[in-house]
Amino acid sequence: MDLLVVGSGAAYPDRPGTASSCYVVLHGGASLCLDLGQGAFAGLAGRLQPADLAAVIVSHLHADHFVDLVALRHYLRYEFDPPRRLRVIAPAELGRRLDGVTGDADFAGGIFEIEARCEGHVQVGPFDIESRRVTHTADSFATRVTLAGAPDGPALVYTGDCGRTQDLIPLIHPGDLLLSEVAFGPGPVPVPDLHLDGAAVGHLAAKSRVSQVLLTHLQMKRHPGATLAAVRGEYQGQVALVGDGDRVTITG
Ligand SMILES: [Zn+2]
Ligand SMILES: [Zn+2]
């Protein structure tokens, strides 16, 4: 499996050309999209055929993780005749949120096949998706992706947005690749914000013995070097901050 970073920005990135949360997992000809935040649709469509995605999986309903589903729906509706359909696995409120954003009473109808996300496993194309609730919004999930039938890995764990690393411990197996938000960089995370900082991610990585850590979702004015140093203060393994367009092989 490969990880393609489409959007690595936080809720309001200030680096031109940077989109917010969007990550694609690739295996053979199959692809899976994790989150689709603002500005990410162009980066997605410029790199692969969005209509061929096995599914889009949404971590939680903050706009920087789902709002470009509006663009994706328009693309599937107006670029194809007949329109293409796409599986979307998301917190239960998604359909109503999209209706609210667009003023359309059934915006996703006939295009998105929305499934309410819950804890546990679901198969999507060749991928097994394990979901676990995390402390952020009332309905937020972290995700572990493996190939179906290969639960021991290689595996990618994506934190989504998360305020408590303890929530992630049961999801992570030793040797997994951890793709973690590090919104508050070197930290600390101000109370009552529910995000992670470098020291928390480093501590989590060491405790769960991951193979490497990829950092993302860093807010404006948070120093990248100081963020990496904060992680390395707790974790001796490989750590990098990812950017849009990066592609990484997920090894077991
Ligand atoms: Zn969030
Ligand atoms: Zn976010």
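The values are calculated or read from the model by the stated rules, or taken from the named source; none is laboratory data. None of the values given here were measured: they were computed from a predicted structure. So basically every Cβ, Gly included, is an ideal-geometry build from the backbone, and we count neighbours across all protein chains shown. Each accessible area value is taken on the protein alone, full model and side chains, heavy atoms only, with ligands, DNA and RNA left out. Shrake-Rupley method; radii C 1.70, N 1.55, O 1.52, S 1.80 Å.
Looking at 193, 197, which is the one that is within 16 Å of ligand 1 (Cβ to nearest atom) and modelled with pLDDT under 95?
193
Which one of these does residue 158 not meet: (1) among the aromatic types (Phe, Trp, Tyr); (2) in contact with a Ser or Thr (Cβ under 7 Å, 6 or more places away or on another chain); (3) farther than 24 Å from residue 90 by Cα?
(3)
Collect the residues in region 1-20 that are of a type in the set (Ser, Thr, Tyr) and open to solvent by less than 10 Å² (accessible area, probe 1.4 Å), keeping them in residue-number order.
8, 20 - these are the residues of region 1-20 that are of a type in the set (Ser, Thr, Tyr) and open to solvent by less than 10 Å² (accessible area, probe 1.4 Å).
I'd like to check something: does region 47-58 contain any residue that is in contact with a Pro (Cβ under 7 Å, 6 or more places away or on another chain) and closer than 19 Å to residue 246 by Cβ?
no
Using beta carbons and a limit of 6 Å, which pairs, at least six apart or on different chains, have the first residue in region 181-194 and open to solvent by less than 10 Å² (accessible area, probe 1.4 Å) and the second one outside any loop (DSSP other than H, G, I, E, B)?
Final answer for the pair search is 182/198; 182/201; 182/215; 182/227; 185/227.
Restricting to region 123-157, name every residue that is more than 21 Å from residue 180 (Cβ to Cβ) and buried (at least 16 other Cβ atoms within 10 Å of the Cβ).
Correct list: 124, 125, 126, 147.
Mind checking which pairs have a first residue in region 51-64 that is over 16 Å from residue 87 (Cα atoms) and a second that is of a type in the set (Gly, Ala, Ser) and open to solvent by 10 Å² or more (accessible area, probe 1.4 Å), Cβ under 6 Å, 6 or more apart or different chains?
64/11
What residue, of 98, 61, 72, is within 14 Å of the chain's Cα centre (by Cα) and surrounded by 14 or more Cβ atoms within 10 Å (Cβ to Cβ)?
61
Conditions first: (1) within 19 Å of residue 158 (Cβ to Cβ); (2) surrounded by fewer than 21 Cβ atoms within 10 Å (Cβ to Cβ); (3) within 11 Å of ligand 2 (Cβ to nearest atom). Residue 26 passes all but one, so which condition is the exception?
(3)
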